[in-house]
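Trainee: Have a look at the structure that comes next, please.
What follows draws every value from the coordinates through simple rules; no lab data is involved. In this text, all values refer to a predicted model and were calculated from it rather than measured experimentally.
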Amino acid sequence: MIEQIFFDTDCISSFLWVERTDIILELYDQRIILPEQVVDELSNPRVSHLSSKVEQLLSQNEIEMAEIIVGTEESRLYYMLTRNPKSGQKPIGKGEASAIALSKVQKEYWPAIT
C-alpha cells in the first residue's frame, strides 16, 4: 500500500498561489489527497483561481479527494477537533481537522512501509 499524503488548505494553497504544484506532484506522485473540506474551503469566491487549479488537478487524476463518512472513526475525530475539543483546547478549522482525522486513521490501519 502506498502511503497517502493528506494536505490541508494552507499547505496546498501555498503551492497553488505560486503555481508550483509541480514540486509536490513530483515528490508525492499519486499520493496527494485533499479532504473534501479543503476543496470546499478553496472554493471561496475570493480565491476562485485556486479552486479552478484544484479542479484541474482532480480532473487530470493528479490528486484525489477524500470524504469523511458519518459514523466513522474519522468523523468522530473530525467532530471533536472542530466542534467539541478536549478541555482546554480550542476548535480548529475544517480543512486542518479533516486532514488530521484522515491521516491519523490511515496511519493506524496502514503503518508506513519501511
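Trainee: Over the chain, calculate the relative contact order: mean separation of alpha carbon pairs under 8 Å at least 6 apart, over the residue count, as a percent.
Mentor: Result for the chain is 33 percent.
Trainee: Enumerate the amide H contacts of residue 5 below 5 Å, restricted to partners 5 or more residues apart or on another chain; note that Pro and chain-start residues carry no placed amide H.
Mentor: Correct list: 32, 33.
Trainee: Counting only pairs 8 or more places apart or on different chains, how many lysine pairs in region 5-109 have C-alpha atoms closer than 22 Å?
Mentor: So the count works out to 7.
Trainee: Dividing the convex hull volume of the Cα atoms of the chain by its residue count, what figure in Å³ per residue is obtained?
Mentor: Dividing the Cα hull volume of the chain by its residue count gives 124 Å³.
Trainee: Which far-off residues, 5 or more places away or on another chain, put their amide H under 5 Å from the one on residue 68, with H placed in the peptide plane?
Mentor: The answer is 36.
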